[in-house]
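Bear in mind these aren't lab numbers, they're just calculated from the coordinates by the rules spelled out. Since this is a predicted model, take the numbers as computed values, not measurements. All Cβ positions, glycine included, derive from the backbone under ideal geometry; neighbour counts span all protein chains shown.
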Amino acid sequence: MIRAGVAVDTAERDKKGRAILAAKYTGMHSLRHFYASWLINRKEDGGLGLPPKVVQERMGHSTITMTMDVYGHLFPRGDDADELAAAEAALLT
C-alpha cells in the first residue's frame, strides 16, 4: 500500500509489531479519483474500461484535455509493437 502511494506509515506499531498505516488521501475528492480510476481500468482488472470521452462526460470535465491531464496515465496504451509491425508490413509489401 505504501508503494502504491495510497497509505503512509504513522511510525506506530500494533501489538504484533506491524506498522500502523493511515490513508494518504481522504474525503470526497479521493472518492472522486477512485471513481475515475474504476471507470478507466480494464475490465480484466476490475474496472469498466471506458474510453476517455465517456470518462470526461461522467466526471463532468469541460474538456478532454482536463481528463487526460489528470487521468491520462491510467488509460491503457495500445500495443505499439503490433501497430509498428503492421505499418512496416504495409510499407514494405
Q. Could you count how many residues in segment 62-93 are under 13 Å from residue 33 (Cα atoms) and either in contact with a His (Cβ under 7 Å, 6 or more places away or on another chain) or part of a loop (DSSP other than H, G, I, E, B) (or both)?
A. 1
Q) When segment 55-65 is examined, which residues are found to be out of contact with any helix residue (DSSP H, G or I) (no Cβ under 7 Å at 6 or more places or on another chain) and either within 18 Å of residue 6 (Cα to Cα) or surrounded by 12 or more Cβ atoms within 10 Å (Cβ to Cβ) (or both)? A) 57
**Q.** Qualifying residue in segment 4-21 (condition: assigned to a loop (DSSP other than H, G, I, E, B), of a type outside the set (Gly, Ala, Ser) and touching a Leu at 6+ places or on another chain (Cβ under 6 Å))
**A.** no
Q: Of the conditions (1) of a type outside the set (Lys, Arg); (2) surrounded by 12 or more Cβ atoms within 10 Å (Cβ to Cβ); (3) free of Cβ contacts under 8 Å to residues at least 24 places away in the same chain, residue 20 clears all except one; give me its number.
A: (2)
Q. For the subset of segment 27-54 comprising residues that are in a helix (DSSP H, G or I) and touching a Phe, Trp or Tyr at 6+ places or on another chain (Cβ under 7 Å), which member is farthest from residue 6 (Cα to Cα)?
A. 52
Q. Pairs, please: C-beta under 7 Å, at least 6 apart or cross-chain, first residue more than 13 Å from residue 74 (Cβ to Cβ) and in segment 38-56, second surrounded by fewer than 17 Cβ atoms within 10 Å (Cβ to Cβ) and of a type in the set (Gly, Ala, Ser)?
A. 43/49
